Structures are given as C-alpha cells and as structure tokens.
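Heads up: the structure comes next, in structure tokens.
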Amino acid sequence: MSGPGRCRVCVTRPAAMVGAGFCFDCWPGGPVVPPPCLRCGASSGYYTGGLCGRCHPRAPQRVDACRDCHAWGATRTRKWRCKGCEGWRAHHDEGECRSCARTLPLDREGACRLCRRQRTRVLRLEGRSLARFVTLADANRHGQQLFLADMFRAGGGPKAKAHRQAAPPAAAPAPIEPVAHRQLVLFEWPRDLQAGQRHGLPPLPDPWLADALQRFAAEHAARYGWRASTTEPVQRGIRMLLSIQDTPGAPIRESEVLPLSQLGISARGVLDVLAAAGMLEPDREPAIVGWFAVQLAAFPEQMRSELLVWFEVMRNGSATPPRYRPRSDQTTASQFRFALPALRSWAARHESLREIAREDVLAALPASGTPRDRMLQGLRSIFRVLKGRQLVFVNPAARFSVPKPEQPIPAPIDLAALRSLLDSDDPARAALAALLAFHAVRVWQLRELKLTDLRDGRLHIGAQTILLADPVRERLAAYLDYRARRWPATVNAHLFVNDQSHGRTRPVTPWWIRKRLGMSPQAIRQDRILDEAHASRGDIRRVSDLFGLSTAGAYRYTAAIDHLDRGATAAPA
C-alpha cells in the first residue's frame, strides 16, 4: 500500500488524498476546511485519505488519552484504549453510566470502569469498613483521579500476590545493642537442652530482649523469604538460648548455638539471625586447629613448639621481618600433610628440628615423581619459616634439585553421561553442565557467579568476558525461569541457589555442584580445554585467552596434545 506522498507546496504535510498533490492548507484557491474523519467523525486533526491522524494506519505514532477512562498512554495498537479498558470492554455490555452518564461498558451496578476505580480509590484511602456508606455517586461527586495507562494492577489477583511476595522489605531491621559486661560464674557446666525441652527451661531473665529478638527474627525471615516451618523453630531456639543465659542481654556464643541442631532446629538459621541482630559472639575454633593439635600429639615437646610457630605464621602471617602473608587453611593443611611422613620418622629419633641435617632430608624423600616433589614442598615451607624465626641454624631442605614431575594427561570423560546432563530435565543440572562443557568455567567461579555477571549474552568473570554459546544461553534462560518460579522472594544475589541457600546470601557449596552433576566437574572442564587445545593445534595463546589460564597452565594441555600426537605417529611403526 503506497502513501499519498507529500504536499508539493509545503513538503511537510501529506497530500489531502491520493493523486491530489496538495494538502488542504495549500490547496489552490484555499485553504480548504478538511472534511470530518470517515472512521471516528473527528472534525480536527485531519491527516490524509479521509482519515485523521488518530485513525490513519500510516500516521506518525502518538500517545493520547484512553477513549474510555481517559488514562494517558493509549496508542493506536488498541484503538486508543488502554489495556484495562480493552479487557473491561470484552466482558461487559454497553449502557449509560449512572454516575457520569457516558455510554460505555458497565458492570453489574451500572458503573463504567473509571467511576468504579474512583470508588475503589476512595475506599482504599478511607478504609474498606466504609464500603456500605460510600456510594458510587459520593465517590465521584468531587471529580475523578486519572491514571497512567497500564501502570496499575488489581490488588487481589494471584499475580499481584506473587508480586507482593517477591518484593521483600527494602530496609534491614535495626540491630539490637547487647550489654557490654558479662557475669562471671564459678563453674562452667554443660547445658543439656534436650533435658530442658523435656522438663522445661528456666523463665526468661529479660522478656523485653526476647520479644525484641522474636520480632527481629520475624522481620529477618520475611526479608529473606523464609517459610514458617523455618522461622518458628529459629524463634523457639532463640528463646531457649535466652532462657539459659548467665548474663541477660549479653551476646550469645556460637558454641552455645550448635547444640540446637540435636533438637531439629536449624543452628545455621539461628546463627544468621543473631549475627544480623548483633547478638552473636564468635568463639568457634576452626577445624584445622583441632586437627593440627591431634597430629602433634605424638611429637616431642620441642618439635611440637617449633611446628606450632610455623602453623601460626602460615595462618596469621607475620608483620616482622622476614614478613609472610597469611595462607589459607587448605594450603596450610596440604603443606603439613606433604611433610608429615618425614616428620613422624624424625620424631622417633630426634627431639627438635634443629637436629635435622641434609642427610636426614635426603633419606626421608621418596625416590622420584610427585611424592618426592610434594614432600619437598612441605619441608621447605616448614624450614623456611623456622630459619626466618631463628629456630633452626640452617635450612636442610634448601638447594635440592628435583625435576618437576610430568603432569598426567586428563582422562577422557563419558560423553554419553555428559549428553544426558545437558539434556536433563533439571534446569540447574543442565545449566551447570553447559557452562562446564562449553566454556570450562571453574567450580569456584560457578558458585560465586552473581546474577549481574550474566548480561548481554555474555558472562563476566572478573576481567574475563565470555561470549556464551547458544546452547548455554538456552539452558541458562530455562534455569532463570525455574529459579524465579521456585524462589520468587529470594534475596540471594548468586546465580545458583538451592533449598538451603535461597533464604540466605551465601553461595552454594562445591559439594552441591558435584552432587548435582553426578560426575567430576573438574574432569568436564579439563576435557573441554584439552579438546580446544587439540582443535587449535596447541595454540597456547588461544587456550589461555579463551579459558583465562596462565601460560604455564595452558602449556600443560598443549604439551599433552604433543604427547598424544607423538604416540599416534609412533603407533603404526
């Protein structure tokens, strides 16, 4: 369908009709008064072809008031009616409104949509209890409040209820100020909460604090979308802990909260509420401290004190020269495990690590390979710290030449099992498998991913930007829909959540990822990198840029490709 063209005189308005060449304002001998619109009868706003600018399909798009309720924002797509009036018109018959006397679709009481909404607004402002006293005429007597089109929704529908549920309170509840003192006791007796639950607990020493914490727990639960089955046991556990306090109003120790798990109460939920309220005192000993003490139990006294110095420096670092940065507990434990066989053999013959010579280290080291390299790592870490603290005269583990053991080639994975993961009905499992199989995302990156890291079809991980493949986008979209349906009120900003983490802000655990997949995520990642190294013929730069690896990390996979290629070449001979 071709348009009428522009007026040959003003070149701004369309021609009055097809073939005319002039608009009515520039008509020869004119201007001429335009005829009324053939569709709506309007005597103003003429456009072309006998239609006005509101009715002509090729007129410039514009926004106007709704023809029924006068809400601003109606367009030509719904014949100049808002979405609400379009639905109202589909379910009601026309008639004369008994309030505004306009001919419009009416409800059973004879009111149009605008007059009905005005009465609803008045009842919301003055209270629903006045419904039988506020008539339709009273509500519309002093005028009507107009609206923006399609910007409101009825308050009683299921969509509105879901919307209200998905919008948690914006502000967190204010923390509670604990007392600064603590009452000393003559004897520290363990508390048997199970016996207290059977026979009754003491009365609350501070009822006001108990009520304040109960309200705080309810607000915290509403903010994080907890169910009543989670909130009520947490509130009960807090009351139990307050009833056995030696100092009313003092912070509750973490070690006092843990026994609640024996009663079927979520100790983690109680810890979260008390920490948010400012009523939690951390006193739990890290697991590595108890484990290290057990390992040192059979060592001589002097050797035990020397290893404790190394342990403290590794965990807390040192600000005095020689300075050390604190290491993670995982690194500390692994270094000690590497050195433990040699330390145990020396503890049977020596009292102190000062007595260890180079010959002792050489005798304790395995013959070759990875065990020799790892033991030397652990011994070097220990003696380096002790030498810096002047607890040993020399470092007997220094100046050992140990060839770097050859890294094993990653084993191939079961492709049938991987395909079943990608096609799984579980959206979380399919999304995890897709990110690993297509982009080799690390496990710790998967658990730390935020919703804001996924945008514009790309995944932003630190300084790395990954352009997502189409199969990955489809699975992530399906998972996000599932996440919104399953946990609409969650405030957890992480991409992957589960039944335990959706009511908190913590990420999921690596164990959950491995269990969800049913196979090693590291094996999937290594197989993907090895496949890319093979496809790129050992291009280290490409492998490094694509997967965020260092040059040394990428070399492991390209060297494996070279090894496989040499084996394939030598096989026919």
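Regarding segment 293-304, can at least one residue be identified that is outside any helix (DSSP H, G or I), small (G, A, S) and under 19 Å from V385 (Cα atoms)?
Checked segment 293-304: no residue is outside any helix (DSSP H, G or I), small (G, A, S) and under 19 Å from V385 (Cα atoms).
Tally up the residues in segment 314-333 that are over 13 Å from V385 (Cα atoms) and touching a residue at least 40 places away in the same chain (Cβ under 8 Å), please.
Number of matching residues: 2.
Of everything in segment 436-451, what is outside any helix (DSSP H, G or I) and either open to solvent by 20 Å² or more (accessible area, probe 1.4 Å) or farther than 13 Å from R528 by Cβ (or both)? Give them in sequence order.
Across segment 436-451, the qualifying residues are R442, L449, K450.
Taking I409 and the conditions (1) under 16 Å from the mean Cα position of the chain (by Cα); (2) open to solvent by 30 Å² or more (accessible area, probe 1.4 Å), which numbered condition does it fall short on, given that it satisfies the others?
Of everything listed in (1) under 16 Å from the mean Cα position of the chain (by Cα); (2) open to solvent by 30 Å² or more (accessible area, probe 1.4 Å), I409 misses just condition (1).
Of the residues that make up segment 515-524, is at least one farther than 30 Å from G269 by Cβ, surrounded by 14 or more Cβ atoms within 10 Å (Cβ to Cβ), touching a Ser or Thr at 6+ places or on another chain (Cβ under 9 Å) and in contact (Cβ under 8 Å) with a residue 12 or more places away in the chain?
No, because not a single residue in segment 515-524 is farther than 30 Å from G269 by Cβ, surrounded by 14 or more Cβ atoms within 10 Å (Cβ to Cβ), touching a Ser or Thr at 6+ places or on another chain (Cβ under 9 Å) and in contact (Cβ under 8 Å) with a residue 12 or more places away in the chain.
Report yes if R419 is among the basic types (K, R) and in contact with a helix residue (DSSP H, G or I) (Cβ under 8 Å, 6 or more places away or on another chain), otherwise no.
No.
Kindly indicate which of I409, I461 is touching a residue at least 60 places away in the same chain (Cβ under 8 Å) and closer than 19 Å to D531 by Cβ.
I409
How many of the residues making up segment 242-262 are open to solvent by less than 50 Å² (accessible area, probe 1.4 Å) and either free of Cβ contacts under 8 Å to residues at least 24 places away in the same chain or in contact with a helix residue (DSSP H, G or I) (Cβ under 6 Å, 6 or more places away or on another chain) (or both)?
Of the residues in segment 242-262, 6 are open to solvent by less than 50 Å² (accessible area, probe 1.4 Å) and either free of Cβ contacts under 8 Å to residues at least 24 places away in the same chain or in contact with a helix residue (DSSP H, G or I) (Cβ under 6 Å, 6 or more places away or on another chain) (or both).
Name the helices (runs of 4 or more DSSP H) wholly inside segment 328-406 in which the number of residues that are of a type in the set (G, A, S) and either touching a strand residue (DSSP E or B) at 6+ places or on another chain (Cβ under 7 Å) or farther than 24 Å from G553 by Cα (or both) is 3 or more.
Correct list: 329-347.
If P427 satisfies every condition in (1) open to solvent by less than 40 Å² (accessible area, probe 1.4 Å); (2) out of contact with any Asp or Glu (no Cβ under 9 Å at 6 or more places or on another chain) but one, which is the exception?
For P427, the exception is condition (2).
Quick one: which residue in P341, P326, P300 is within 24 Å of D373 (Cα to Cα), at pLDDT 90 or above and over 39 Å from the mean Cα position of the chain (by Cα)?
The conditions single out P341.
Suppose we filter L204, L213, L242, L209 for residues that are in contact with a Ser or Thr (Cβ under 6 Å, 6 or more places away or on another chain), at pLDDT 85 or above and either within 21 Å of P282 (Cα to Cα) or not in a helix (DSSP H, G or I) (or both); which single one remains?
L204
Would you mention how many residues in segment 88-124 are open to solvent by less than 30 Å² (accessible area, probe 1.4 Å) and among the small types (G, A, S)?
Total meeting the criteria: 3.
Hey, among G87, G95, which residue is in a strand (DSSP E or B) and free of Cβ contacts under 8 Å to residues at least 24 places away in the same chain?
Result of the check over G87, G95: G95.
Return a yes/no flag: does segment 481-489 have any residue that is at pLDDT 90 or above, within 20 Å of L422 (Cβ to Cβ), open to solvent by 20 Å² or more (accessible area, probe 1.4 Å) and in a loop (DSSP other than H, G, I, E, B).
So far as segment 481-489 goes, no, none of its residues is at pLDDT 90 or above, within 20 Å of L422 (Cβ to Cβ), open to solvent by 20 Å² or more (accessible area, probe 1.4 Å) and in a loop (DSSP other than H, G, I, E, B).
For segment 275-321, what are the residues that are β-branched (V, I, T), surrounded by 15 or more Cβ atoms within 10 Å (Cβ to Cβ) and over 23 Å from H350 (Cβ atoms)?
Within segment 275-321, just I288 meets the criteria.
Mind listing whichever residues of segment 157-201 are closer than 17 Å to G249 by Cα, open to solvent by 70 Å² or more (accessible area, probe 1.4 Å) and modelled with pLDDT of 80 or more?
E177, A180, H181, R182, Q183, L184
Inside segment 220-239, can you point out the residues that are outside any helix (DSSP H, G or I) and surrounded by 21 or more Cβ atoms within 10 Å (Cβ to Cβ)?
Result: W226, single match.
Going by the structure shown, is V9 surrounded by 14 or more Cβ atoms within 10 Å (Cβ to Cβ) and out of contact with any strand residue (DSSP E or B) (no Cβ under 6 Å at 6 or more places or on another chain)?
Answer is yes for this residue.
Report yes if D68 is open to solvent by less than 50 Å² (accessible area, probe 1.4 Å) and touching a strand residue (DSSP E or B) at 6+ places or on another chain (Cβ under 7 Å), otherwise no.
So D68 passes the test.
Listed here are the residues, each with its yes/no results for (1) without any contact (Cβ under 8 Å) to a residue 24 or more places away in the chain; (2) more than 20 Å from P300 (Cα to Cα).
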| position | (1), (2) |
| --- | --- |
| P341 | no, no |
| S345 | yes, no |
| H350 | no, no |
| L353 | no, no |
| I356 | no, no |
| A364 | yes, no |
| R372 | no, yes |
| M375 | no, yes |
| V385 | no, no |
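Residue-by-condition table, conditions (1) at pLDDT 80 or above; (2) under 29 Å from A15 (Cβ atoms); (3) in contact with a Ser or Thr (Cβ under 7 Å, 6 or more places away or on another chain):
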| residue | (1), (2), (3) |
| --- | --- |
| H56 | no, yes, yes |
| A59 | no, yes, no |
| R62 | no, yes, no |
| T75 | no, yes, no |
| K79 | no, yes, no |
| G87 | yes, no, no |
| H91 | yes, no, no |
| C97 | yes, no, no |
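Do you know which of the residues in segment 71-84 that are free of Cβ contacts under 8 Å to residues at least 40 places away in the same chain and of a type in the set (K, R) is surrounded by the most Cβ atoms within 10 Å (Cβ to Cβ)?
Looking at residues that are free of Cβ contacts under 8 Å to residues at least 40 places away in the same chain and of a type in the set (K, R), I get R81.
Tally time: how many residues in segment 43-79 are closer than 27 Å to A137 by Cα, among the hydrophobic types (A, V, I, L, M, F, W, C) and assigned to a loop (DSSP other than H, G, I, E, B)?
Result for segment 43-79: 3.
The values are calculated or read from the model by the stated rules, or taken from the named source; none is laboratory data. As the structure is a computational prediction, the values presented were derived from the model and not from experiment. As a convention, Cβ positions derive from the backbone with ideal geometry for all residues, glycine included, and neighbour counts pool all protein chains shown. Side chains are part of the model used for accessible areas, which takes the heavy atoms of the whole protein and leaves out ligands, DNA and RNA. Shrake-Rupley method; radii C 1.70, N 1.55, O 1.52, S 1.80 Å.
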